[in-house]
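The values are calculated or read from the model by the stated rules, or taken from the named source; none is laboratory data. No experiment lies behind these values; they were computed from the predicted model shown. Here Cβ is always computed from backbone atoms with ideal geometry, including for glycine, and neighbour counts include all displayed protein chains.
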Amino acid sequence: MSAVVKAAPVTRAGAVVDLGAIERNCARLAAELEAATALCSVVKADGYGHGAVESARAALAGGARSLAVAAAIEAVELRAALPDARILVLGALTAAELDQALAADADIPVWRPSFLELVRARGEALGRRPRVHVKYDTGMGRLGERDPAVVRSLVDEADTQEQIELSGLWTHFATADEPDSGFFDQQLARFLELALPLRERIGALTLHAANSAATLREPGAHLDMVRCGIAIYGLDPFGQSPFAHRLEPALELHSYLADVKRLGAGESVGYGCSWRAAEATWIGVLPIGYGDGVRRALGNTAEILIGGRRRPLVGTVSMDNVTVDLGPDPDVEAGAAAVLIGAQEGERVLAEELAQRLETINYEITCAISPRVPREYLR
Ligand SMILES: Cc1ncc(COP(=O)(O)O)c(C=O)c1O
């Protein structure tokens, strides 16, 4: 067969993000909640690789009432595009980042008395009344205060300080994605024991704990707000099929057959000659590699959709290229569309499948798609 490029694609590699899917996933999650419980959409890490601003807009259209990010610069990016959105920062802030977050009118996480004092002072200096969310570490062992007595006194301190608005009290689960986790139940019980009496006493205090997995598995963890990330993108927080939870994957990762060539029996492809043709075959070359976020560990393990069929990725993943085995009698030609994540003619590769092959989680698969890959948005 000839290696003629029939219809040149627009880009060597690209991600297509269906914003309608994000909107519908948010509506589906919001429908799970009591009317008094708000959906906060987590759009950190550039919306888990989907694009922060576009994902945030779609999430708000789908019923999310607020947004969450990890870093001050992410809050700044969102604020520039969404002047009226409520934005919560989840991560640790340096003094300089605190100023950025306050200038972006974001809600601020606190768990140390000294940081609460800094928030008060910087708010005063910047002419703002910071909204704070006190973080209780109920077992994650990361950010947050572990001692319930200190959490109570922080809440009281923030509540009585005129220059500060006490907005929330929150925690984060370590094992919500493990269906029978007793540790999840312990964390929830610990949080409720401290948080419910405080809300009873204080009144307007938003309690929040649930990520996507907790939202889907335990209505008792919904409280006043849930913070959903992975599920809004149509990815399964339990690492299985998103369709089992009526979630629609929003992102597809595409490339194309840039070249097709014949290899004789025993000949190799790629760095390290890690794959050799057992018999004469045709090799397809796709201009996408680990520089685009296709992990090198997928060499000789993944399958890529071309011509509506799964084709084995053979050889080592390079920075800019991967190779597939098209077999001795290929039914596709150079120029054919290739799908690394997504569907083609009824066949589908999920981000969850790639995660399982790599012994990682779907979060890492979409977050890894690099800025070199242009995102195209379907509205
Ligand atoms: C504090 C916090 N809340 C909520 C989320 C959202 O979690 P998920 O993407 O599993 O819904 C994250 C994500 O890592 C997080 O760090």
- prompt: So LEU143 clears everything in (1) more than 27 Å from the chain's Cα centre (by Cα); (2) within 16 Å of ALA209 (Cβ to Cβ) except one condition, right? Which one?
  reply: (1)
Residues being acidic (Asp, Glu) and either closer than 28 Å to ALA355 by Cβ or in a loop (DSSP other than H, G, I, E, B) (or both) - total across the range 190-225: 2
task: Go through the residues of the range 58-68 one by one and say whether even a single one is closer than 29 Å to TYR256 by Cβ, at pLDDT 95 or above and crowded, with 18+ Cβ neighbours inside 10 Å.
output: yes
task: Test ALA297 against the stated conditions and say whether it is in a loop (DSSP other than H, G, I, E, B), of a type in the set (A, V, I, L, M) and over 29 Å from SER41 (Cβ atoms).
output: no
query: Restricting attention to the range 188-225, and to residues there that are of a type in the set (Gly, Ala, Ser) and crowded, with 23+ Cβ neighbours inside 10 Å, which single residue is farthest from the ligand (Cβ to nearest atom)?
result: ALA195
- prompt: So which residues in the range 314-360 are among the charged types (D, E, K, R), within 29 Å of the chain's Cα centre (by Cα) and part of a strand (DSSP E or B), if there are any at all?
  reply: GLU347, ARG348
- line: Quick count over the range 327-368, residues being at negative phi and more than 16 Å from the ligand (Cβ to nearest atom), is 24
task: Inspect the range 227-237 for any residue being over 15 Å from ALA31 (Cα atoms), of a type in the set (Asp, Glu) and over 33 Å from the mean Cα position of the chain (by Cα) and give the result as yes or no.
output: no
Neighbours by Cβ (under 6 Å, 6+ apart or cross-chain): first from the range 63-76, of a type in the set (Lys, Arg) and away from the ligand (no atom under 12 Å from the Cβ); second assigned to a loop (DSSP other than H, G, I, E, B) and modelled with pLDDT under 95: none
- prompt: Within the range 279-295, is there a residue that is among the aliphatic types (A, V, I, L, M), modelled with pLDDT of 95 or more and within 21 Å of the chain's Cα centre (by Cα)?
  reply: yes
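For the range 32-49, state whether one or more residues are modelled with pLDDT under 95 and closer than 16 Å to GLU248 by Cβ.
So the first thing to find is which residues in the range 32-49 are modelled with pLDDT under 95, and the list is 32.
Subset that is closer than 16 Å to GLU248 by Cβ: 32.
Yes, the range 32-49 contains at least one residue that is modelled with pLDDT under 95 and closer than 16 Å to GLU248 by Cβ.
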task: Test each condition in (1) away from the ligand (no atom under 16 Å from the Cβ); (2) out of contact with any Lys or Arg (no Cβ under 6 Å at 6 or more places or on another chain); (3) farther than 26 Å from ARG146 by Cα for VAL17 and report the one that comes out false.
output: (2)
query: Within the range 177-187, how many residues are over 23 Å from ALA36 (Cα atoms), surrounded by fewer than 16 Cβ atoms within 10 Å (Cβ to Cβ) and either of a type in the set (D, E, K, R) or free of Cβ contacts under 8 Å to residues at least 40 places away in the same chain (or both)?
result: 3
- prompt: Taking the range 369-379 on its own, how many of its residues are assigned to a loop (DSSP other than H, G, I, E, B) and either at positive phi or modelled with pLDDT of 95 or more (or both)?
  reply: 6
- prompt: Pick from the range 256-274 the residues that are in a strand (DSSP E or B) and either out of contact with any Asp or Glu (no Cβ under 8 Å at 6 or more places or on another chain) or of a type in the set (D, E, K, R) (or both): which of them is surrounded by the most Cβ atoms within 10 Å (Cβ to Cβ)?
  reply: TYR256
task: Select, from ALA338, ALA355, the only residue that is among the aliphatic types (A, V, I, L, M) and surrounded by fewer than 21 Cβ atoms within 10 Å (Cβ to Cβ).
output: ALA355
- request: Please name all residue pairs, on different chains or six or more residues apart, with Cβ atoms under 6 Å, provided the first residue is in the range 194-219 and is touching a residue at least 12 places away in the same chain (Cβ under 8 Å) and the second residue is among the β-branched types (Val, Ile, Thr).
  value: LEU198/VAL155; ALA209/THR171; ALA210/VAL226; SER212/ILE230; THR215/VAL226
message: Being more than 28 Å from LYS261 (Cα to Cα) and small (Gly, Ala, Ser) is true for just one of ALA355, ALA343, ALA334, ALA338. Which residue is that?
response: ALA355
task: Could you list, in sequence order, all residues of the range 226-268 that are more than 16 Å from the ligand (Cβ to nearest atom), touching a Ser or Thr at 6+ places or on another chain (Cβ under 7 Å) and closer than 22 Å to LEU354 by Cα?
output: none
message: Just to be sure I understand the filter: pairs with C-beta atoms under 6 Å, separated by 6 or more residues or on different chains, first member in the range 153-173 and within 17 Å of GLY91 (Cβ to Cβ), second member in a strand (DSSP E or B) and more than 16 Å from the ligand (Cβ to nearest atom). Which pairs pass?
response: SER167/ARG131
message: Could you go through the range 193-209 and let me know if any residue there is more than 30 Å from VAL151 (Cα to Cα) and in contact with a Gly (Cβ under 7 Å, 6 or more places away or on another chain).
response: no
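Would you point out the residue of the range 20-46, among those that are within 17 Å of the chain's Cα centre (by Cα) and polar (S, T, N, Q), that is nearest to the ligand (Cβ to nearest atom)? Give the steps one after another, and end with the answer.
As a first pass, look at the range 20-46 and keep what is within 17 Å of the chain's Cα centre (by Cα): 20-26, 29, 39-46.
Filter once more, so that each one left must be polar (S, T, N, Q): 25, 41.
On the way: ASN25: 11, SER41: 9 Å.
Taking the candidates together, the pick is SER41.
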